[in-house]
1. Suppose we keep only residues that are outside any helix (DSSP H, G or I) and β-branched (Val, Ile, Thr) within region 1-26. Which one would you say is farthest from Tyr46 (Cα to Cα)?
2. Would you check if Thr52 is surrounded by 14 or more Cβ atoms within 10 Å (Cβ to Cβ), at pLDDT 85 or above and of a type in the set (Val, Ile, Thr)?
3. If you scan region 27-43, which residues turn out to be surrounded by 12 or more Cβ atoms within 10 Å (Cβ to Cβ), over 12 Å from the mean Cα position of the chain (by Cα) and part of a helix (DSSP H, G or I)?
4. Got a number for residues in region 64-78 being closer than 20 Å to Glu2 by Cβ and modelled with pLDDT of 80 or more?
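The values are calculated or read from the model by the stated rules, or taken from the named source; none is laboratory data. Quick caveat, the model's predicted, so the values are computed rather than measured. For neighbour counting, all protein chains shown are included, and Cβ atoms are generated from backbone atoms with ideal geometry for every residue, glycine included.
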Amino acid sequence: METLLNTDFFSHIKNDDNTDIQNVYGNFIEVLFSFCKSAGDTISAYFVLNYTRIEFVSIQNSVTEYNSGKKRNVGLPF
């Protein structure tokens, strides 16, 4: 399930590291395409892609919450 989460891209966005983000995003897209092409069945691919989407949303919500609470010295929850 965590195939796509174990990429440099997820590591960068979880650690709020924007260095070389375009390259790691490009690599993430390559891994994503490769995964989709090699997935044995569409149901498994759907679950992995949906799980990855949920993680994206969770990170986005955490960053939004962090940015809105910066004035209160709230840290990122990762």
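1. We begin by selecting, within region 1-26, every residue outside any helix (DSSP H, G or I); these are 1-7, 15-20.
Imposing the further condition that a residue be β-branched (Val, Ile, Thr) reduces the set to 3, 7, 19.
Working: Thr3: 13, Thr7: 18, Thr19: 30 Å.
Per the criteria, the residue is Thr19.
2. Details: surrounded by 14 or more Cβ atoms within 10 Å (Cβ to Cβ): yes; at pLDDT 85 or above: yes; of a type in the set (Val, Ile, Thr): yes.
Yes.
3. Residues satisfying the conditions are Asn27, Val31, Phe35, Cys36.
4. Matching residues across region 64-78 total 0.
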